[in-house]
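Q: Sharing a structure with you now.
Values in this text are rule-based calculations from the coordinates and carry no lab data. Source: prediction; values computed, not measured. Positions of Cβ are backbone-derived with ideal geometry, glycine not excepted, and every protein chain shown enters the neighbour counts.
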Amino acid sequence: MLVLDTDLLPSRERAAAFQDAISGHASTSLVEFEDQPGFRAQVHFFPLGAGRVFNVEATGNTLRRTPRIARRDEQDAIALALPLAGANRFRWGREERVLHADDLLLVDLEAPYEYGWSGLGTSYAFQVDRDRLGLPMDTITRAAPRLPSSPLYTLVRDHIRNLTLHAHRLPAGDTAARVGDITIDLMHALIQTAGLDDPAGPPVGPTVLVQQVKSYVRRHLADQDLTPHQIARAHHISVRQLYKLCQQDGLGLEDWIIRQRLGGARADLATHEDPPRTITAVAHAWGFTNPSHFTKRFRATYGVTPSEWRTMSQR
């Protein structure tokens, strides 16, 4: 979704419009312009369920999130960003870096920072709220300067580059949300492995495997025969090992699968379709074989029946 194209605005309005776009979709910051009269920018924003893509192409500028702004402005997002060309300058706490094309950057958007470039430049980013990421702040802070030490760095960097470049091609709704969830899982694994004292050590295996399990489940939520046995077999481990991994990650496997399915069905029921599918068809598409069981679990989770939710969300 195009948020801003300064070529469509009078030159006197461009700086303020860019300031508003940055503060409204990333974090509140002061913007300094290399050449304010000649400033040009395009800003795109794509919601992907619990995550979002935020892309900026602009002439020279610097974003300054000062300590005073950070104290006043509540922001709880973490971002992975990378320039696609040129050299971007970044300062966060004691860390100062010059980022070149495809250097992946991890930043806490709540904290004070400076980020910008000279001449025509880009910043393509994936953002997620810290609560959804599910990692303590000390792990994130420790990982930030050490991302390349993770065995997952190249995989995640290439995924973020391709995702941000092609986010406009994703169909809205469930597909975009699933891609967002998979990206959050990859981001979690990257940060966790980069934040270890020994990123190449034994803890990497279980951490990565849990993320692989979650991604596999999300891809197969519509499979009515999705069972712990099937999941374990797909990952070449025993069911006992699967449950042990999930327990170590604080994950109740069956309940988590049901929550994911309910969330997908809830999103579908809120989507306008012509003609609309029956509630039974939506439930079936998300792996529920018993409509009564689906209705019971839906009401227990959201406080309304599926039909009530559809009516409320489509008014």
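Q: Taking the number of other C-beta atoms within 10 Å as the exposure measure, put Val128, Val31 in order starting with the fewest.
A: If I rank by nearby Cβ atoms, fewest first, I get Val31, Val128.
Q: Right, next: Using a Gaussian network model on the chain with a 10 Å cutoff between Cα atoms, which of Ala176, Ala143, Ala222 fluctuates the most?
A: Among Ala176, Ala143, Ala222, the largest mean-square fluctuation in the Gaussian network model of the chain belongs to Ala222.
Q: So how do Asp35, Asp225, Asp274 line up by other beta-carbon neighbours within 10 Å, fewest first?
A: In increasing order of surrounding Cβ atoms, one gets Asp274, Asp225, Asp35.
Q: Let me have the 222 nm mean residue ellipticity of the chain computed from DSSP H runs of 4+ only, each contributing -39500 (n - 2.57), with the sum over all residues rounded to the nearest 500.
A: -14000 deg cm²/dmol
Q: Build a GNM of the chain with springs between Cα atoms under 10 Å: which of Leu135, Leu104, Leu190 gets the top mean-square fluctuation?
A: Leu135
Q: Given a 10 angstrom Cα cut-off, can you work out which residue in His25, His229, His44 is the most mobile in a GNM of the chain?
A: In this elastic network of the chain, the residue with the biggest mean-square fluctuation among His25, His229, His44 is His229.
Q: Pairing the Cα long axis of helix 291-302 with the longest principal axis of the chain, what angle in degrees results, from 0 to 90 and rounded to the nearest 10?
A: 40 degrees
Q: Report, in degrees rounded to the nearest 10, the 0 to 90 angle that the Cα long axis of helix 153-166 makes with the longest principal axis of the chain.
A: Rounded to the nearest ten degrees, it is 80.
Q: So what's the angle, to the nearest 10 degrees on a 0 to 90 scale, between helix 11-25 and the longest Cα principal axis of the chain?
A: 40 degrees
Q: Further question on the same structure: Under a Cβ-Cβ cut-off of 14 Å, what is the net charge of the residues other than Arg40 that fall near it, where Lys and Arg count +1 and Asp and Glu count -1?
A: -4
Q: Dividing the convex hull volume of the alpha carbon atoms of the chain by its residue count, what do you get in Å³ per residue?
A: 155 Å³
Q: Here is a follow-up. If the chain between Ser11 and Thr305 were fully stretched, how many nm would it gain, using 0.36 nm times the residue separation less the Cα-Cα distance?
A: 100.7 nm
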